[in-house]
Amino acid sequence: MRIRILDDGVFITDAGDLFGGSRKMRIRGAMHAVLAEAGDDLVLIDAGFGPELPEALTGRYELRREKSLMDHLQEAGHAAEDVTHVILSHLDADHVGWALEPPSFPNATVYVQEDALKEARRMPAGDGRREAVPAVEGGVEEGWCELLSGNGEIVSGIRVEVRSGHSAGHQIVWIGSGENVALFTADLAPAKIWLDTDLISGVDTDPEAARRNRIEVLEETESRGATVILYHEPGDFLVNIRRTQKGFEAVPVKG
Ligand SMILES: [Zn+2]
């Protein structure tokens with residue numbers, strides 16, 4: 001199995017949009033979607049912002065990119081038609097962009113946890129998750145979107161695991177096995193700052209569950225020697241995790 005990272009640019013926003021509260025600090029986030037070439041299957045994990053910044057985020061987010069996820073897909077030697085599976089960690093706009101509206105991968109099945117959809121339906125109008133609901137429901141009706149209820153293997157060697165907190169039904173993705181295992185943490189631990197176990201986010205659905213799951217999962221990645229792919233980390237986004245007295249630290253892995 002071969003893994004590539006398909007960047008979808010960088011966003012800039014106020015820290016309050018990521019952590020809650022009203023911090024006057026600008027913060028940068030990357031979007032490192034994952035492409036796994038697994039035999040005849042081509043699996044995309046999360047899907048960036050899509051063709052343009054979603055309307056709901058205009059004014060609060062700025063998107064900077066020279067090349068998009070689709071440009072990087074092409075550079076990797078693949079067409080949109082080649083993608084067979086798309087796994088969405090959850091329904092926030094910065095994770096579902098290219099997958100849903102309009103769906104960019106005509107031959108792919110898109111996988112969403114049912115709990116994430118249920119939560120999104122309860123969000124207020126204008127919320128990013130709520131905005132994804134019509135596309136997901138349409139996809140289910142048309143047969144290109146499949147709702148999952150819990151952990152499971154999507155293709156041989158690629159397994160989703162529900163670790164909620166950031167959202168209901170938030171799923172992480174284990175890729176490979178044995179000594180060659182990588183973990184896509186999505187927004188459970190999206191960047192190195194989240195290795196500080198005292199950090200609590202005001203924008204998580206259930207911050208305590210997120211924190212508990214984060215600690216458990218990071219410990220597991222250390223014991224398995226897994227390479228962790230940090231979706232929003234603008235610096236070194238492929239890391240190994242080590243327990244420290246204060247929390248965890250990231251050791252960069254040569255990509
Ligand atoms: Zn995110």
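Overview of results
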| item | result |
| --- | --- |
| Kyte-Doolittle at least 1.0, axis length at least 24 Å by Cα - qualifying DSSP helices, the chain | none |
| Fraction in percent of alpha-carbon pairs per bin - 10 Å, the chain | 7, 33, 40, 18, 1, 0 |
| GNM result for the chain, Cα springs below 10 Å: residue of Ala189, Ala168, Ala125 fluctuating most strongly | Ala125 |
| Surface share of carbon and sulfur [accessible, 1.4 angstrom probe, percent] for region 74-134 | 46 |
| Highest-fluctuation residue, Val162, Val34, Val140 considered, GNM on the chain with Cα pairs under 10 Å | Val140 |
| Once the Cα gyration tensor of region 193-247 is diagonalised, semi-axes √(5λ) in Å | 19, 14, 10 |
| Cα-only Debye scattering, region 22-99: base-10 log of I(q)/I(0) at q = 0.18 Å⁻¹ | -0.77 |
| The chain - share of DSSP beta bridges that are antiparallel (%, nearest 5) | 75 |
| Candidates Val228, Val155, Val83, ranked by Gaussian network fluctuation over the chain, Cα under 10 Å, top entry | Val155 |
| Stokes-Einstein D in µm²/s, Kirkwood radius over Cα pairs - region 1-41 at 10 °C with 1.306 mPa s viscosity | 129 |
| Within-11-Å neighbourhood charge of Gln74 [Cβ basis; K, R +1; D, E -1] | -2 |
| Rule-of-thumb Rg ratio for region 53-160 [Cα; 2.2 N^0.38 Å; N residues] | 1.10 |
| Accessible area of the chain divided out per residue, in Å², using a probe of 1.4 angstrom | 45 |
| Convex hull per residue volume in Å³, alpha carbons only, for region 136-176 | 74 |
| Rg over Rh, two decimals, region 127-255 (C-alpha only, Kirkwood Rh) | 0.99 |
| 5 angstrom amide H check on Met31, placed H, neighbours 5+ away | Asp8, Gly9 |
| If the convex hull is drawn through the Cα atoms of region 101-166, its volume per residue in Å³ | 103 |
| Kirkwood Rh and Cα Rg combined as Rg/Rh, region 153-199 | 1.03 |
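The values are calculated or read from the model by the stated rules, or taken from the named source; none is laboratory data. The structure presented is a predicted model; accordingly, all values stated were derived computationally and were not measured. A quick note on method: Cβ atoms are made from the backbone with ideal geometry, for glycine too, and the neighbour counts reach across all protein chains shown. For the accessible areas, the whole protein counts, side chains as well, though only heavy atoms, and no ligand, DNA or RNA atoms are used. Shrake-Rupley method; radii C 1.70, N 1.55, O 1.52, S 1.80 Å.
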